[in-house]
Amino acid sequence: MNALALRRARITRVRQVQHLQAASEAATAEQKVEQLEGNAARLAALRLSLSFAPGLTSGAALGSSSELGLRLDHVRDGLANALGAARSAAADRVGERIEAHIARESAHRLETRAVAELQQLIEDRLIASIRPRVKEARNG
């Protein structure tokens, strides 16, 4: 019975580490999403600043501003794809974190039950070892 309690304690420790690792990966994925969202917002602001640039009077300056704007739009479109993939990955990592949390809690309950069973077994053995001595004392 002691081996069972030790095995369940080991499983609980492993599940705790797995949960911490999953939580760390989920946090990293969420930070990446936030970073990509910030980059997309900065690109959009930069693009807006190009479209309303005051003082552009020559055709070359307007063409250059327009080309830069098209390039920013192209980068922002590529960033949108990366942002979608990052959001999907973050959602997957959150799901994995939740699964790891459930497994950790389950292992903790198993360990608690094994410890309680071990304590009950020890108490039962202690009571069983005391009873014959009490009977012998009464008979003797």
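Brief remarks follow.
- Scanning the range 1-32 for residues that are within 19 Å of G95 (Cβ to Cβ), surrounded by fewer than 18 Cβ atoms within 10 Å (Cβ to Cβ) and aliphatic (A, V, I, L, M) returns V17, L20, A23, A27.
- Pairs linking a residue in the range 4-22 that is hydroxyl-bearing (S, T, Y) to a residue that is part of a helix (DSSP H, G or I), with Cβ atoms under 7 Å and 6 or more positions apart or on different chains, are T12/A107; T12/H108; T12/E111.
- Residue count for the range 41-92 satisfying the condition of being among the polar types (S, T, N, Q), assigned to a helix (DSSP H, G or I) and at pLDDT below 80: 5.
- Any chance G95 is in a helix (DSSP H, G or I) and modelled with pLDDT under 90: no
- Just so you know, in the range 83-114 the residues that are surrounded by 15 or more Cβ atoms within 10 Å (Cβ to Cβ) and of a type in the set (G, A, S) include one that is farthest from L46 (Cα to Cα), and it is A114.
- Pairs are defined by a Cβ separation below 8 Å, a sequence spacing of at least 6 or placement on different chains, a first member in the range 59-75 that is touching a residue at least 12 places away in the same chain (Cβ under 8 Å) and more than 14 Å from S49 (Cα to Cα), and a second member that is of a type in the set (V, I, T) and assigned to a helix (DSSP H, G or I); no pair meets this definition.
The values are calculated or read from the model by the stated rules, or taken from the named source; none is laboratory data. All values reported here derive from a predicted model rather than from experimental measurement. For neighbour counting, all protein chains shown are included, and Cβ atoms are generated from backbone atoms with ideal geometry for every residue, glycine included.
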